[in-house]
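These notes concern the structure reproduced below.
The values are calculated or read from the model by the stated rules, or taken from the named source; none is laboratory data. Keep in mind that what you see is a predicted model, and the values were worked out from it rather than measured. Every residue, glycine as well, gets a Cβ built from its backbone with ideal geometry; the counts of neighbours run over all protein chains shown. Remember, those area values only see protein heavy atoms, side chains included, never the ligands or the DNA or RNA. Shrake-Rupley method; radii C 1.70, N 1.55, O 1.52, S 1.80 Å.
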Amino acid sequence: MSATTLTSPAKPKLVVPGLAALDPGVERYVLKAGGTAAFELDAGDRIELAPLEGGLEVEVVAFGVKGKSDLAALGLAGRARPIAIERALEADSEDAARVRFGLYRRGFDIGRVKATRLLAPDAGPGDVISLEAARSAFAVFGAAAKPMLVWEQSPPSDVLIFIRRANPRLWNTARLPEPLAEPRLDIRIDIASAESFEVYAGEYIQIIDVQGRQCSDFLAFNRKALDQGREQGLDSTTTRSMNGTAYPTPGLHSKFFDRDRNALVEIVQDTVGRHDTFNLACTTRYYEDMGYFGHANCTDNFNGALKQYDPITALAGWPAINFFFNTNVGCHNNIWSDEPWSRPGDYVVMRALSDLVCAASSCPSDIDASNGWRLTEIQVRVYPKDAPFKRAIGYRMSPDAPLQLTRETGFHPRTSALTRAFGEYRGYWVPHHFAKAGAIDEYWSCREAAVIMDLSPLRKMEVLGPDSEQFLQGIVPRDVRKLAVGQIFYTALCYEHGGMIDDGTLFRLGENNFRWIGGDDTSLLWLKEQAGKSALNVHLKTATSEIHNIAVQGPKSRDILRQIVGTPPGRPSMDELGLFRFTIGRIGGVTGIPVLVSRTGYTGELGYEVFCHPKDASAVWDAVMAAGEPHGIAPFGFEALDLVRIEAGLVFGGHDFDSTTDPFEAGIGFTVPQKKEEDYIGKAALENRRAHPLRKLVGLEITGNEKPSHGDPVFAGRAEVGIVTSAMRSPLLKKTIALARVDVTHAAPEGKLEIGRLDGKQKRLKARVVPFPFYDPEKKRVRM
């Protein structure tokens, strides 16, 4: 296979709009550490297994004729029991469910075949195994992974699987993804056509973009209303009004409504995240105005597909939901569109909330970019109500990276029992607030007692090797040579021009052992990119899925953890642990749950973070909650976190800084020491920016109770001099406060500014420049 085939987050390939990221006939899949995957192979198909970071064995079995073991079809031999695959198939995950059903529908028994293992435990990221199918087979792969102790640095790696088909399917005959369950309906919608179908309440509807960049209009009508002689279909205007969002997504804003505000369907899974709820399905008039007379259109196709259902009447333009249509509303209130984001096999899954009559189309527009200038087919599957679909949103680390679906953290079984208000954050579901309290009560619990919060989505990367200190010394502005074992640095990570990639914490676990914890995948990709350019002996391993963590914050946090965390001799206890230090220990005695505890936080209070393996997460949560009950501990969501971190003057990526912002402009200039002599990425630019500042992050006290929004312009008279980055109404201070980045000319304390609302001119909020942190400016509470 050519080098350009191996497109991974570590080796990105330029994605040209309208073109596939992979070579024709090449498919790419991710075999998760501890997971499983299965594929139909034909004679001549070539398979490559490429570990992203090495250190993982892959188990493989192959089924031949009548379900017999046939490893020889892949040029392999083995007589072992498929232990890793059997273990992976027991998991409550989508990949396991897909493989289980694939085996079931073919009548194959995993216990009747033999396995072999590929890739050694010491395999590196450059080690690639190549196989070729001598005859047709159904191959199942399993990644043998063991749980990592939280103070170890040996996370198992994901494996990319590339399949180059010997006989690529002709256009519009592409392979469909394996179903998760037996579909009740499996409908292929031909090019430039539409089909109608009926669905029962509770069933799942899957709309699949078979080849990618193909739009599909969707209609649904309440069956009971139709039987009563009333036409009640999905209404996009009502849906936007009820949700307060441009289009529904899995999570809080997931439902589509009719004009009477009855919910008809809810979105359960969406691998694309960009659809159209603004326009009609394409009409005769659109094509006629473009000079294409008699062109097929979705509206006429729907009229034909629905004519059997009374009282649905034909329309000249159907208000439809157009899945995969890349449309949005611009800042000047104009609707724009571009080529769809959807890739081959992308889909949307909906759950019917009542008996429905539905219709779906394969859009016929080949005169603009709506369908990527090439028409393909759409597949519709209807699954029974007991199908194992979990709520999920498609997530990619980079535009050309493999798709990941939203995951649940190890603490999800506990948090989901306390709230249904979850939102997607960096590829994980996190609670916005909890049902029994709400954000304000949670805020007061943090300020007065203690709270527990799931922060597992934080990205973790192990940095290992004899040159790891030298490598990091050339990456981060902080002087890594001054970082002691057991100590933590808070630092920025910057591009060459001085703009920030991310902020995060750097743990030193040993002489040649570090752990980076940041907020975004961008920092992990950047570190990998720099390691790839370097000749230093350094090894990077992603550990996000192996280390999950909670924050235990508030003035009672030490009292709580003191009761349950035991540390070995020579390691600090909870009473001895200093600020920005960490220790290792166990919960439940010398044979209890291994944890790493750091004295860090994001609240402006005394606080800690407790790290553990996901398999131990529920037990860790239970222990902290039990110990914290006498102290008034409460679960804590992201809405309350935003309140306390703004009061404490703590910045958040994407709000208070981005790649156009340097650490000085983000209010964390202390992470760029002047005395560091050695060079690092961005040093020259940062020194220049230090000497010639243009903008500064300031605090604002705002007159009145109206809270501005992120991005609102800040004015000095007629001149726009900055933007609001974060804002809140402080329950403790009884003031409306904000962080804003403004021109240095207007950054002096007590300066008078105004915040623009509406268009920035018709409405202004008066503001005064003040120092921050707003709460505990001397940070005495953090140092308690």
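General remarks:
- Residues in the range 326-367 that are free of Cβ contacts under 8 Å to residues at least 12 places away in the same chain and in a loop (DSSP other than H, G, I, E, B) were compared, and the one that is most open to solvent (accessible area, probe 1.4 Å) is HIS332.
- Close pairs from the range 274-292: first more than 16 Å from PRO364 (Cβ to Cβ), partner part of a helix (DSSP H, G or I) and open to solvent by 50 Å² or more (accessible area, probe 1.4 Å), Cβ under 8 Å, at least 6 apart: THR277/ARG240
- Put simply, of ILE593, ILE584 the only residue that is of a type in the set (A, V, I, L, M), more than 26 Å from ASP92 (Cα to Cα) and either touching a residue at least 24 places away in the same chain (Cβ under 8 Å) or open to solvent by less than 30 Å² (accessible area, probe 1.4 Å) (or both) is ILE584.
- If you go through the range 741-784 and keep only what is farther than 19 Å from ILE646 by Cα, in a loop (DSSP other than H, G, I, E, B) and not aliphatic (A, V, I, L, M), you end up with GLU750, GLY751, ASP759, GLY760, LYS761, GLN762.
- Residues that are touching a strand residue (DSSP E or B) at 6+ places or on another chain (Cβ under 8 Å) and at pLDDT below 85, drawn from the range 251-275: GLY251, LEU252
- Leading residue by the ranking (surrounded by the fewest Cβ atoms within 10 Å (Cβ to Cβ)) among those in the range 158-187 that are of a type outside the set (A, V, I, L, M, F, W, C) and in contact with a Ser or Thr (Cβ under 9 Å, 6 or more places away or on another chain): ASN172
- Screening THR491 against (1) in contact with a strand residue (DSSP E or B) (Cβ under 7 Å, 6 or more places away or on another chain); (2) modelled with pLDDT under 95 leaves a single unmet condition, (2).
- Residues of the range 377-393 include at least one that is of a type in the set (S, T, N, Q), buried (at least 20 other Cβ atoms within 10 Å of the Cβ) and over 23 Å from the mean Cα position of the chain (by Cα).
- Selection count where residues are open to solvent by 20 Å² or more (accessible area, probe 1.4 Å) and in a strand (DSSP E or B), scope the range 132-157: 2
- Any hit, the range 730-740, residues being assigned to a strand (DSSP E or B) and polar (S, T, N, Q): yes
- Hits in the range 468-503 (condition: touching an Asp or Glu at 6+ places or on another chain (Cβ under 9 Å) and assigned to a strand (DSSP E or B)): PHE489, TYR490, THR491, ALA492, LEU493, CYS494, MET500, ILE501, ASP502
- Of the residues examined, SER370 is not one that is polar (S, T, N, Q), touching a helix residue (DSSP H, G or I) at 6+ places or on another chain (Cβ under 6 Å) and either under 12 Å from CYS282 (Cα atoms) or modelled with pLDDT under 95 (or both).
- The set of residues from the range 707-729 being in a loop (DSSP other than H, G, I, E, B) and open to solvent by less than 30 Å² (accessible area, probe 1.4 Å) comprises PRO708, ASP712.
- Any chance ARG240 is in contact (Cβ under 8 Å) with a residue 60 or more places away in the chain and either assigned to a loop (DSSP other than H, G, I, E, B) or closer than 24 Å to VAL329 by Cα (or both): no
- Residue list for the range 396-418, filter: open to solvent by less than 40 Å² (accessible area, probe 1.4 Å), under 18 Å from ALA634 (Cα atoms) and in contact with a strand residue (DSSP E or B) (Cβ under 6 Å, 6 or more places away or on another chain): PHE411, THR415
- Residue identified as open to solvent by less than 10 Å² (accessible area, probe 1.4 Å), part of a loop (DSSP other than H, G, I, E, B), closer than 20 Å to VAL782 by Cα and at pLDDT 95 or above among LEU577, LEU506, LEU561: LEU577
- Of the residues making up the range 621-634, one or more are open to solvent by less than 10 Å² (accessible area, probe 1.4 Å) and β-branched (Val, Ile, Thr).
- Subset of the range 187-237 [of a type in the set (Asp, Glu) and free of Cβ contacts under 8 Å to residues at least 60 places away in the same chain]: ASP227
- From ALA435, ALA421, residue being within 22 Å of the chain's Cα centre (by Cα), among the aliphatic types (A, V, I, L, M), surrounded by fewer than 20 Cβ atoms within 10 Å (Cβ to Cβ) and modelled with pLDDT under 95: ALA421
- The set of residues in the range 395-441 being farther than 22 Å from LEU52 by Cα, part of a strand (DSSP E or B) and in contact with a helix residue (DSSP H, G or I) (Cβ under 9 Å, 6 or more places away or on another chain) consists of PHE422, GLY423, TYR425, TRP429, VAL430, PRO431.
- Within the range 606-702, helices (runs of 4 or more DSSP H) holding 1 or more residues that are free of Cβ contacts under 8 Å to residues at least 24 places away in the same chain and not aliphatic (A, V, I, L, M): 683-691
- Residues in the range 188-208 that are open to solvent by less than 60 Å² (accessible area, probe 1.4 Å) and either modelled with pLDDT under 95 or in contact with a helix residue (DSSP H, G or I) (Cβ under 8 Å, 6 or more places away or on another chain) (or both): 4 in all.
- Among (1) charged (D, E, K, R); (2) part of a strand (DSSP E or B); (3) over 32 Å from the mean Cα position of the chain (by Cα), the one test that ASP300 misses: (2)
- Residue-level check: of (1) modelled with pLDDT of 95 or more; (2) open to solvent by 10 Å² or more (accessible area, probe 1.4 Å), ASP520 misses just (1).
- Within the range 531-579, the set of residues being in contact with a strand residue (DSSP E or B) (Cβ under 9 Å, 6 or more places away or on another chain) and among the polar types (S, T, N, Q) comprises THR542, THR544, SER545, ASN549, GLN553, SER557, THR567, SER573.
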